[in-house]
Amino acid sequence: VLSYVLHTPRRGSLPPGPPRVPLLGNAHQLPQSDQHLTFTKWAAQYGDVVYVEIFTRPTIILNSAKAAIDLMDKRGAIYSDRPRFVWFHELIGWTSNTSLCGYNETWRRMRKWFQHAFIARSAVDSYHPVQRREARRLLLNLLHHPDDFVYQIKRYTAGIIFEIGYGHDITSLDGDKLLQLTERGIRAALVGSSIGSAMVDFFPVLRYLPAWLPGMSFKYAAIKARKGVEDMEMTLYNTVNEKIVAGIARPSFAAVMIEECSRKGDLTAKDEDDIKGTLGTLYQAGTDSSLTTLIVFVLVMVQYPDVFRKAQEEMIRVVGDSRLPDFDGRASLPYLECVLMEVYRWCPIGPLSIPHRLTEDDAYRGYYLPKGSMVISNIWAMCRDPEVYPESDVFKPERFLGLKSGEDPNLIDPKKIVFGFGRRCGKYFADDTMWLGIASIVTTMDITKARDARGQEITPTPVYISGTTMCPEPFVCDIHPRSDRTRQLIIDNVTEP
Ligand code: HEM
């Protein structure tokens, strides 16, 4: 009886949350951008599980890692669906995008492909040669074009995804037609603030109103985005397929999927759709996220020169300056590891992740969680939780030094948070790309404040723009080789531009 009473969801005992008004629910209290900050204020007032209604949509906001792990990881079977994304699915027709797809057969199939290629450790390790090659190119490009560091880092993250995903070597961001087309598709689709928060997602009826009415211009944007996404997916797929037919395809994620489906005969339209969707997802999920995390790293190194110096001292002690760092030395660089963890925590680039949907009524801590609710993980609040990270507004890599020894049992590795819950992201692969990028820079380069025409140091103001990923506003800094020896080391190690 006790078990029944405790576990049977009861209507009426919803989690606490701000007062709602008819029709709008809490929508009028939500700002257009930086919603994670409003949710974090609500967390301080109402606790780590907050209930709101956005217009009429029931929404549960999870503000602590504990609640997110308890529900989205441990009860993943009922928390892994996605809400209805009217903008993406119905207006743009981006239905085969893995990260937007519902918890259904199509998702399971795409997830299996991702699992084999980007989650299994053996597969992830097999990409090290490509990551190594691109990290070396990154250093050479930073040597020649230090002011374009954002562009060069993008070249690094996109270069890795293109080679591993599509067997395509991009040599420049501007000159590569396949990359430009992919970018155009992604940019047209990912407009506005966080995923699933477009007005039409809450009022699907808006999609039936004529585009010429005031406020309906999103319908023109949707036509452009639909074409952009279709062109992107089709061209990525056709490019690889044509190379396979001509017998000149390089090993790639795309080739593996096409060959696997071909084994049972000709590819069906569904096979093609699923492969195309997976290819688009790879670029969308893997490039900006990694790029933004590395830009945050550069920004905080300008802001916290002592941290940079300490990481560099460790690097010089362990690696020296006659070779470049490699994955086999990672375990010997504990401070650098802490810096990376603190970068992830400091600015989680997906502060609200991608919303999930609860498919069954559920109960948690005595609260009733209604079926059909949108479930938002407030990763931002989790990363700034003072119970887990004391002085959470201070950038302090040292906080993680005792993590392995379990000195502080409350401390959570941010990698368990920032890559989301339940549905699996390519986090080991992403983490390797991040680590090699920052390790290569710390070994060979100095990052300092830039100076203006009068020789005065320019201190960047750390402002973060929130969108589908949260990104620092453009800033300047000075990136230059640490010594003549490291300059030569970079030149000697790059065999091809
Ligand atoms: C620092 C880099 C990255 C961060 C912070 C990041 C973060 C995230 C987050 C927060 C989600 C949403 C998870 C959820 O629904 O709860 C996600 C989904 C996803 N990410 Fe990443 N990501 C990164 C890099 C990558 C890379 C390099 C790949 C490439 C393989 C990737 C592939 C995916 C995929 C496929 C999904 C969708 C999973 C699904 O819905 O089934 N991510 N990522």
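The values are calculated or read from the model by the stated rules, or taken from the named source; none is laboratory data. From a predicted model like this one, the values you see are computed outputs, not experimental measurements. As a convention, Cβ positions derive from the backbone with ideal geometry for all residues, glycine included, and neighbour counts pool all protein chains shown.
Within region 5-22, is even one residue among the hydrophobic types (A, V, I, L, M, F, W, C), assigned to a helix (DSSP H, G or I), loosely packed, with under 11 Cβ neighbours inside 10 Å and at pLDDT below 90? Walk me through how you get there before you give the answer.
Here is the first cut: in region 5-22, the residues among the hydrophobic types (A, V, I, L, M, F, W, C) are 5-6, 14, 21.
Going one step further and asking which of them are assigned to a helix (DSSP H, G or I), we end up with 5-6.
Add one more test, that the residue is loosely packed, with under 11 Cβ neighbours inside 10 Å, and what stays is 5-6.
Add one more test, that the residue is at pLDDT below 90, and what stays is 5-6.
Scanning region 5-22 turns up at least one residue that is among the hydrophobic types (A, V, I, L, M, F, W, C), assigned to a helix (DSSP H, G or I), loosely packed, with under 11 Cβ neighbours inside 10 Å and at pLDDT below 90.
Would you say residue 142 is more than 14 Å from residue 426 (Cβ to Cβ), touching a residue at least 24 places away in the same chain (Cβ under 8 Å) and crowded, with 21+ Cβ neighbours inside 10 Å?
Spelling it out, residue 142 is indeed more than 14 Å from residue 426 (Cβ to Cβ), touching a residue at least 24 places away in the same chain (Cβ under 8 Å) and crowded, with 21+ Cβ neighbours inside 10 Å.
Any residue in region 109-129 that's in contact (Cβ under 8 Å) with a residue 60 or more places away in the chain and within 11 Å of the ligand (Cβ to nearest atom): show its pairings with residues that are of a type in the set (A, V, I, L, M, F, W, C) and not in a helix (DSSP H, G or I) at Cβ separation under 8 Å, as long as the two are six or more apart or on different chains.
110/101
What are the residues in region 231-259 that are touching a residue at least 12 places away in the same chain (Cβ under 8 Å), farther than 27 Å from residue 349 by Cβ and among the acidic types (Asp, Glu), if any?
Scanning region 231-259 gives a single hit, 259.
Given (1) under 16 Å from residue 295 (Cβ atoms); (2) crowded, with 23+ Cβ neighbours inside 10 Å, identify the lone condition not met by residue 147.
For residue 147, the failing item is (2).
With the structure loaded, tell me whether residue 485 is under 30 Å from residue 112 (Cα atoms), in contact (Cβ under 8 Å) with a residue 24 or more places away in the chain and of a type in the set (Lys, Arg) or whether it fails that test.
no
Kindly indicate the residue of region 403-445 that is of a type in the set (Val, Ile, Thr) and away from the ligand (no atom under 12 Å from the Cβ) and also surrounded by the most Cβ atoms within 10 Å (Cβ to Cβ) among those meeting that condition.
441
Filter region 363-392 down to the residues that are among the acidic types (Asp, Glu) and either in contact with a Gly (Cβ under 7 Å, 6 or more places away or on another chain) or crowded, with 20+ Cβ neighbours inside 10 Å (or both) and list them by number.
385
Residue by residue through region 98-117, note down the ones that are of a type in the set (S, T, N, Q) and assigned to a helix (DSSP H, G or I).
Across region 98-117, the qualifying residues are 106, 115.
Select from region 213-260 the residues that are surrounded by fewer than 17 Cβ atoms within 10 Å (Cβ to Cβ) and in contact with a Leu (Cβ under 7 Å, 6 or more places away or on another chain) and write down the one among them that is modelled with the lowest pLDDT.
216
Which members of region 37-53 meet the condition of being of a type in the set (Val, Ile, Thr) and surrounded by 21 or more Cβ atoms within 10 Å (Cβ to Cβ)?
Across region 37-53, the qualifying residues are 49, 50, 52.
Let's see how each residue does on (1) farther than 22 Å from residue 110 by Cβ; (2) among the acidic types (Asp, Glu); (3) within 22 Å of the chain's Cα centre (by Cα); (4) surrounded by fewer than 22 Cβ atoms within 10 Å (Cβ to Cβ):
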residue	(1), (2), (3), (4)
57	yes, no, no, yes
60	yes, no, yes, no
73	no, yes, yes, yes
90	no, yes, no, yes
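Can you report the number of residues in region 437-469 which are in contact (Cβ under 8 Å) with a residue 24 or more places away in the chain, over 30 Å from residue 350 (Cβ atoms) and of a type in the set (A, V, I, L, M)?
Final tally of qualifying residues: 0.
Looking at region 92-107 only, could you name the residues that are within 12 Å of the ligand (Cβ to nearest atom) and more than 20 Å from the chain's Cα centre (by Cα)?
Selection gives 104, 106.
Tell me, please, whether a residue that is buried (at least 17 other Cβ atoms within 10 Å of the Cβ), hydrophobic (A, V, I, L, M, F, W, C), out of contact with any helix residue (DSSP H, G or I) (no Cβ under 7 Å at 6 or more places or on another chain) and farther than 20 Å from residue 149 by Cα can be found in region 285-306.
Yes, region 285-306 contains a residue that is buried (at least 17 other Cβ atoms within 10 Å of the Cβ), hydrophobic (A, V, I, L, M, F, W, C), out of contact with any helix residue (DSSP H, G or I) (no Cβ under 7 Å at 6 or more places or on another chain) and farther than 20 Å from residue 149 by Cα.
Please go through region 243-283 and pick out each residue that is away from the ligand (no atom under 16 Å from the Cβ) and basic (Lys, Arg).
Within region 243-283, 243, 250, 263, 264, 270 meet the criteria.
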